[in-house]
Structures are given as structure tokens and as C-alpha cells.
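The values are calculated or read from the model by the stated rules, or taken from the named source; none is laboratory data. Fair warning: this is a prediction, and the values are worked out from it, not measured in the lab. Note: ideal-geometry Cβ built from the backbone for every residue, glycine included; neighbour counts use all protein chains shown. Side chains included, ligands, DNA and RNA excluded: accessible areas come from the protein's heavy atoms. Shrake-Rupley method; radii C 1.70, N 1.55, O 1.52, S 1.80 Å.
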Amino acid sequence: MLSIKILVVEDSATDMLIIKNMLSEYSILTASDGVEAMRILEEHDDIDLLILDLNMPNMDGFQVLERLRSDTRYQKIHTIILTVYEELENEIKGLRMGAVDYIRKPIHMDSLKARIGVHVELLKTKRALEQKLHEQVLTFDSIFYQSPIGIAICYSNEPTTSEMDRYCRINPKFEQITGRTKEELKRLGWAAITHPDDLQEDLDQFERLKNGEISQYSMIKRYLKPDGTAVWVNMT
């Protein structure tokens, strides 16, 4: 069963007790203002949902939302704001600052449970997708790094910039074929290590690929090793 941890930030002791009692099936932490809430968030990195009153002393809900938005550690937390009926402007402002939902006061218990239930289901789906993605990444990495075929995944013939470095991947077999390390290959780009007699055809085909004129291409070409010798490859 999915364990859900919820932090309730509410300066009204009555509303706090109502929420705690209605959500007793979940692990509940509480805070009476924004300052205490931020301290708890720093101490607990497994909080899934944050139920946040906007009107509080010391640090209000908007200040908490701003802190959450500016810190990548809290990006996975789903924040639900508490407002009163005449605070439509605050609801809109809170949603624009990153809240995913709102609950109006006085708190309607069935509405509260239903809204929390929706977000719990969303969290379950999200975690299941993340687990599936993790498994797919492990499978891909196993195939990619153990493949007897040289594989390079890059999106340009130019040297790889720092922004694109995480999108460029080169397996050990490709390093072996070209006689170069992946760092060197990223720094040079594949055009720089392609034999001059083969380069124009490769660039022309690559341009057609980028423009969507073709979905793939293959050619027999030569890569130049660091010592100047050429290695023939069947490149797709």
C-alpha cells in the first residue's frame, strides 16, 4: 500500500483537529505557521502533500509557496491551499504560485476527503510511472553499454555544448571503434573525425534527416583515429 505523508499547516487549532481526524488513515504532520512548516519540510524529505492555510502569522502561505517554488527540493510536493469563500483572488494567486488545488473554509469534510483522495491517486500513478521509467532506463543502459555495436546518441555534428552534454551518450564499443574517449568525441563532434572524402555526403544526409525529408539513412564511411588511420564502418 502506498504510504502518504501529509503536512497540515494551519493556525486554527479547531480546523487542524478537524483535518487530522478526517485524514487519520494517512501519516499526518502539523505546523501552526509558515516558519514551523519550513522547518518540518527541511527535516522530512518524504512529505507528499502539503495542506497550506494562506492566512497565518510569522510567515503566511504565499511566502511558503514562494520558498517552495524557489527550491528544487520541494518540487515534487503537491500543495493544496486553504482559503475562505470570498478569497477568489487569493485562490488564483496561490494556483499561479504552484498550488495544485484549493479547499475553502469552512471545511466540508466530504469535499476534503474527496480532494485528498484524488491527489493520492495521482501520486500513485506518478510513482508507478516513475518506477516503470526507472526499469526501462535500467534495461536501456544494460543494452546500450554492453552492446557489441558502436552506438552514439547525439543531436548535432558539432562539438557538444555543456547544455547538451547530458543528452549525448556514447557506448564503450563506439569509443573502441574510433579509438577515442567519449569526452574527446563530445569535444570534437562526429564531423571532425569523419574522413574528408565521406564528410559531405554524411552532412547532406544528416541535413535531410533534420529537415524531416528522410526518417533514417545508412552509409559506408570512415572515421579517423587519433593517429590518422581510417576505420571503415557501416553507419546507420
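General observations
- Accessible surface, 1.4 Å probe, highest first, among residues 89, 163, 175: 89, 163, 175
- Helix-only mean residue ellipticity at 222 nm for the chain, each DSSP H run of n ≥ 4 adding -39500 (n - 2.57), per residue, nearest 500: -14500 deg cm²/dmol
- For region 184-227, the alpha carbon convex hull comes to 76 Å³ per residue, rounded to a whole number.
- For region 89-170: rounded, prolate or oblate by the Cα gyration tensor [a/c cutoff 1.5]: oblate
- Take the chain and mark each of the chymotrypsin sites (Phe, Trp or Tyr not before Pro) that is in a DSSP loop with at most 12 other Cβ atoms within 10 Å; the longest unmarked stretch, sites excluded, is 1-84.
- Using Cβ point charges alone (K and R +1, D and E -1), the dipole size of the chain about the Cα centre works out to roughly 700 debye.
- Probe 1.4 Å - accessible area at residue 108, Å² to nearest ten: 110 Å²
- Radius of gyration over Kirkwood radius for the chain, both on Cα atoms: the Rg/Rh ratio is 1.22.
- Among 24, 142, the order of accessible area from largest down is 24, 142, computed with a 1.4 Å probe on protein heavy atoms.
- Region 186-220 and region 46-121 have Cα centres lying 51 Å from one another.
- Expected-Rg normalisation [2.2 N^0.38 Å, Cα atoms] applied to region 15-111: 1.02
- For residue 73, the accessible surface of its heavy atoms amounts to roughly 150 Å² (probe 1.4 Å, protein chains only, rounded to the nearest 10).
- Global form of region 156-236, assessed from the alpha-carbon gyration tensor, a/c cut-off 1.5: oblate
- The heavy atoms of residue 76 offer some 140 square angstrom of accessible surface to a 1.4 angstrom probe.
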